[in-house]
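All of the numbers you see were taken from the coordinates with simple rules; none came from a lab. As the structure is a prediction and not an experimental result, all values here were calculated from the model.
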Amino acid sequence: MSTETPTERREAAATRRRWVTLAEVLAVAGVLIAALTLWSNWSERSADNAEKASARASEARKDQRFEIRAVAAENGDSLMLLRDEKHEIVDATVVFPTALGVGRKDALTDQIQRSWFEKALLKATDGGADDQAGRLPVFITVNYTDGDATRSASGIYDVIWQTKAGVFPFGRSLKLQGLRVRQRGGSQAKLDAIWAKEKPAA
C-alpha cells in the first residue's frame, strides 16, 4: 500500500509529464538540428557545384574564343594573322572605310597586304609631311576551327602604319607596323564614322 498522499501523487505525475515534455522538445530540437545540417550541407554542395559549372562554362567559352592578332611581316609589306594552338584560321576578310575607295579583301594567305590600300592611303594623306604615322581602322572577320565546329570572330582593328620620304622619283613609301584591337564587333557604318573623325589631315 502506497504511503504517498494525493498531493505527492499529483506532484509526481506532473514531474513525469515535465520529463516527457522535455524529452519531446529535445527530440524535436534534434530533428530540427539534423534537418538544418542536411540543408546546410546540401546548400554548400549546390553552391560548390554551381561554382564549378560556372568555371567550366567560362573555361569552355575561353577555349572557344579566338583573338585576332597580327605582326608585321616582309619588312612591313604585310601583316601576318597569327594562329594559336587550339584554332586554325579557315579564312579572313578585311573591310576598309568606304571613303578610302578600297573594296573588301580576302586574306587567302592569312596576310593583310600593304598593296591593297597603299595608293589610297598615300593619296588620303598627301599634302602633309612625308614622314607620318597613323592608324587605319579596318573591320576584320576571321572564321576559325574550334574542334569539329567552325566559329567566327570579328571586330574593328587599327592597322598601324608609317610613311617615309622616298628617294626621287619614287615618292613616299608606306610600311605596316602592327595591328591593335579597337572594339569587338562593329559595322561598315561604325568603321566609316571612325575614319571620318580620325583620318589624317591631308
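Things worth noting here:
- Geometric descriptor of the range 105-145, per residue, is 93 Å³ (volume of the convex hull of the Cα atoms).
- The range 70-198 has equivalent-ellipsoid semi-axes of 28, 17, 11 Å, by the square roots of 5 times the alpha carbon gyration tensor eigenvalues, sorted largest first.
- Hits among aspartates and glutamates - C-alpha to C-alpha of K175 under 16 Å, sequence gap 8 or more where chains match: E74, D77, E118, D126, D130, D131, D158
- Couplings for the range 77-87, taken from phi via the Karplus curve 6.51 cos²θ - 1.76 cosθ + 1.60 with θ = phi - 60°, read 7, 7, 10, 8, 5, 9, 8, 10, 5, 9, 9 Hz in order; Gly and Pro are left as x.
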